[in-house]
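Contents: one structure, followed by commentary.
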Amino acid sequence: MERTLSIIKPDAVAKGVIGKILDRFESNGLKIAATRKIQLSRMDAEAFYAVHAERPFFNDLVDFMISGPVVVTVLEGENAMQINRDLMGATNPKEAEPGTIRADFAENIDANAVHGSDSVANAAIEIAFFFSEKEISTTSEQ
Ligand code: IDP
Ligand code: MG
């Protein structure tokens, strides 16, 4: 069973749409294997987004990600990584397909509601950044 990491970013948490976003995942066949609301430190955000350290938007991205609490979630299911990316929509909400999370809940490319792992390999790294294996549990269909 494939796993991926989702982060509901500070803009969406502040808007009060945690439940609506988690519902998108559950309504589209993904299981919530672990979830937690946390305030990232600057060091956390810099480490998590280290791959973007050389990008011009890196400092703004870190400032935004620590501007309020986030919800980190492990999603599980067949093709979980790609299904989550499809549900998220394009990085720039103005380019996101109607009905995607970013089209429906995000304002702009800086405050774009959600993060999702972009490969299965990165998902494993990102999940381990926030969760120990014993905090993650598979839910089978009833
Ligand atoms: P993704 O979140 O769709 O995977 P990435 O390219 O991995 O997009 O970028 C990570 C995050 O950095 C984006 O979600 C967005 O918040 C921010 N970002 C990306 N490109 C830009 C940009 O051109 N200007 C400002 N922020 C950006
Ligand atoms: Mg990315």
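The values are calculated or read from the model by the stated rules, or taken from the named source; none is laboratory data. Because the structure is a prediction, the values reported are computed rather than measured. Ideal geometry is used to build each Cβ from the backbone, glycine not excepted, and the neighbour counts take in all protein chains shown. Remember, those area values only see protein heavy atoms, side chains included, never the ligands or the DNA or RNA. Shrake-Rupley method; radii C 1.70, N 1.55, O 1.52, S 1.80 Å.
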Requested in this report: Return one whole number: the accessible area per residue of the chain in Å², for a 1.4 Å probe.
Outcome: 53
Report summary line: In a Gaussian network model of the chain with springs linking alpha carbons closer than 10 Å, the residue among Pro69, Pro98, Pro56 that fluctuates most is Pro56
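Using only DSSP helix segments of four residues or longer, with each worth -39500 (n - 2.57), what per-residue ellipticity at 222 nm results for the chain after dividing by its residue count and rounding to 500?
Using -39500 (n - 2.57) per qualifying helix, the result is -10500 deg cm²/dmol.
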Requested in this report: Working with all protein chains in place, sort Val17, Val51 by solvent-accessible area computed with a 1.4 Å probe, largest first.
Outcome: Val51, Val17
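Can you sort Ile21, Ile38 by 1.4 Å-probe accessible area, starting with the largest? Kindly include the intermediate steps, with their values, before the conclusion.
Numbers: Ile21 0, Ile38 35 Å².
Accessible-area ranking of Ile21, Ile38, largest first: Ile38, Ile21.
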Query raised in the report: How much solvent-accessible surface does Glu141 expose, in Å² to the nearest 10, with a 1.4 Å probe and all protein chains in place?
Result: 140
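With a 1.4 Å probe and all protein chains in place, put Val70, Val120 in order of accessible area, largest first. Walk me through the intermediate numbers first.
Details: Val70 0, Val120 75 Å².
Sorted descending by solvent-accessible area, the residues read Val120, Val70.
Name the chymotrypsin sites (Phe, Trp or Tyr not before Pro) in segment 26-119 that are in a loop by DSSP and that have at most 13 other C-beta atoms within 10 Å, would you? List each step's numbers first, then the result.
Numbers: sites: Phe48, Tyr49, Phe57, Phe58, Phe64, Phe105; in loops: Tyr49, Phe57.
Answer in residue order: Phe57.
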Query - With all protein chains modelled, accessible area of Glu26 [1.4 Å, Å²] - result: 110
Query raised in the report: Leaving out ligands, DNA and RNA, what percent of the accessible area of the chain is carbon and sulfur, probe 1.4 Å?
Result: 51
Report task. For Lys37, go through the lysines and keep the ones whose alpha-carbon is under 16 Å away, minus same-chain ones fewer than eight residues off. Result -> Lys9, Lys15, Lys20
Query raised in the report: So which residue, out of Ala111, Ala45, Ala121, gets the largest mean-square fluctuation from a GNM of the chain using Cα contacts under 10 Å as springs?
Result: Ala121
